[in-house]
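First the structure, in the form of structure tokens, and then the observations on it.
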Amino acid sequence: MCIHSQISRQPELKNRVEEFKELCRRRNLRVTEQRLEIFRTVAQSKEHPSAEAVFGQVRKKMPNISLDTVYRTLSSMEEAGLVSRVGNSNKARFDADLTPHSHFVCTACGEVYDVPAAVPDAALVPANIAEFGEVKNVNLQFRGICNRCRQAAGEKK
């Protein structure tokens, strides 16, 4: 990421961190430095980082943090609705953007892309969904081969 985009995103990140702190308090989660740094790492990434990638970044600032702590923190943040898990089931990726959007997941390389315009339509929700329980959120994922992988395989768009 270029320095200009890092600078231009600083006020946005600061606001998101403040919102995160407030959500933690409302959900009775302590606001710890480790939790804040893990959230910052996920929030400033557009790449939907894995727990291992988050660990690598956070460890630069907090060398004593363990991978287990990152896993447990991301899991507790997911349970509290502070981040969402996206991507392939074999390698969890995380997203701190809680605004309505969908994802495109490449089944070849595992990359996850935001699809901001694709908000699930109420018509897609089955009428009998209440038989199964109360819907808290909808996670719409489109799965296929990304353009980069298609080009690498010699396919045309």
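The values are calculated or read from the model by the stated rules, or taken from the named source; none is laboratory data. Computed from a prediction, not measured in an experiment: that's the story for all the values here. Here the Cβ positions follow ideal geometry from the backbone for every residue, glycine too, while neighbour counts run over all protein chains shown. For accessibility, only protein heavy atoms count, side chains too; no ligands or nucleic acids. Shrake-Rupley method; radii C 1.70, N 1.55, O 1.52, S 1.80 Å.
Residue by residue, what Karplus-based ³J(HN,Hα) values in Hz, rounded to whole numbers, does region 29-37 have, using 6.51, -1.76 and 1.60 with θ = phi - 60° and x for Gly and Pro?
Result, rounded to whole Hz: 9, 5, 8, 9, 4, 4, 4, 5, 5.
Enter the accessible area of Val135 (Å², nearest 10), with the probe set to 1.4 Å and all protein chains included.
Accessible surface of Val135 is approximately 80 Å².
Considering only protein heavy atoms, what is the solvent-accessible area of Lys46 at a probe of 1.4 Å, reported in Å² to the nearest 10?
In the full protein context, Lys46 sits at about 120 Å².
Any chance you could look up the accessible area of Phe39 with a 1.4 Å probe, heavy atoms only, rounded to 10 Å²?
10 Å²
Quick one: which residues, 5 or more positions from Ser102 or on another chain, have an amide H under 5 Å from its amide H? H modelled 1.01 Å from N in the peptide plane, none for Pro or chain starts.
Answer set, sorted by chain and number: Val115, Ala118.
Summing +1 for each Lys or Arg and -1 for each Asp or Glu, what net charge is found among the other residues whose Cβ lies under 12 Å from the Cβ of Ile38?
Net charge around Ile38: +2.
With all protein chains present and a 1.4 Å probe, how do Asp95, Asp68, Asp114 order by accessible area, largest first?
Asp68, Asp114, Asp95
Using each residue's phi in region 56-67, evaluate 6.51 cos²θ - 1.76 cosθ + 1.60 at θ = phi - 60° and report the 3J(HN,Hα) Karplus result to the nearest Hz, with x for Gly and Pro.
Once rounded to whole Hz, the list reads x, 6, 5, 4, 5, 9, 10, x, 8, 6, 9, 4.
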